[in-house]
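Beneath this line is the structure, given in structure tokens, with notes to follow.
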Amino acid sequence: DRIQPLNSSAVSLEIPQPVDFALAFWSAHEVPDQRELLAGVLRILRPDGKFLIVEPRGHVTAKRFASMLSCAADLGWAVDSHPHVRLSGTWP
């Protein structure tokens, strides 16, 4: 009862209320405007909310992931950790 999956369009995160946690699992690299994705998630998260981005290792390079993190930092995000997810990259 605490977890509610929601789908959004490719261009807008249509979330009716602030959320505690958002997950982009093997998908963020598919979004054409990653800056808008990151800004949109930032808008819908509660102030202490978390966003986990997991990308497929071998498909998304460490350099491309670092670019995504750099864009997130420009928007005010801070990296909390780099958890290990099998077959995935959350590069430090």
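What is the sum of charges, Lys and Arg at +1 and Asp and Glu at -1, for the other residues whose Cβ falls under 12 Å from the Cβ of Leu42?
+2
Would you compute, from DSSP H runs of 4+ residues alone, the mean residue ellipticity of the chain at 222 nm, taking -39500 (n - 2.57) per run and dividing by the full residue count, rounded to the nearest 500?
The helix-only estimate for the chain comes to -8000 deg cm²/dmol at 222 nm.
How far is helix 34-44 tilted, in degrees, relative to the longest principal axis of the Cα atoms in the chain, given as a value from 0 to 90 rounded to the nearest 10?
40
Between Ser27 and Gln4, with labels modelled 7 Å along Cα→Cβ, what's the label distance in nm to one decimal, could you check?
Result: 1.7 nm between the two label points.
Amide H of Phe51 versus every other amide H placed in the peptide plane: which residues, excluding those fewer than 5 positions away on the same chain, fall under 5 Å?
Amide H neighbours of Phe51, under 5 Å, 5+ apart: Ala22.
How far, in degrees from 0 to 90, does helix 62-74 lean away from the longest principal axis of the Cα atoms of the chain, to the nearest 10?
40
Defining a contact as two alpha carbons under 8 Å apart and six or more residues distant in sequence, what relative contact order in percent does the chain show?
Result for the chain is 28 percent.
Loop only per DSSP, at most 14 neighbouring Cβ atoms within 10 Å: give me the GluC sites (Glu not before Pro) in the chain, ordered by residue number.
Glu14
FYI, it's all coordinate maths here, none of it is from the lab. The shown structure was predicted, so the numbers you read here are calculated from the model rather than taken from an experiment. Every residue, glycine as well, gets a Cβ built from its backbone with ideal geometry; the counts of neighbours run over all protein chains shown.
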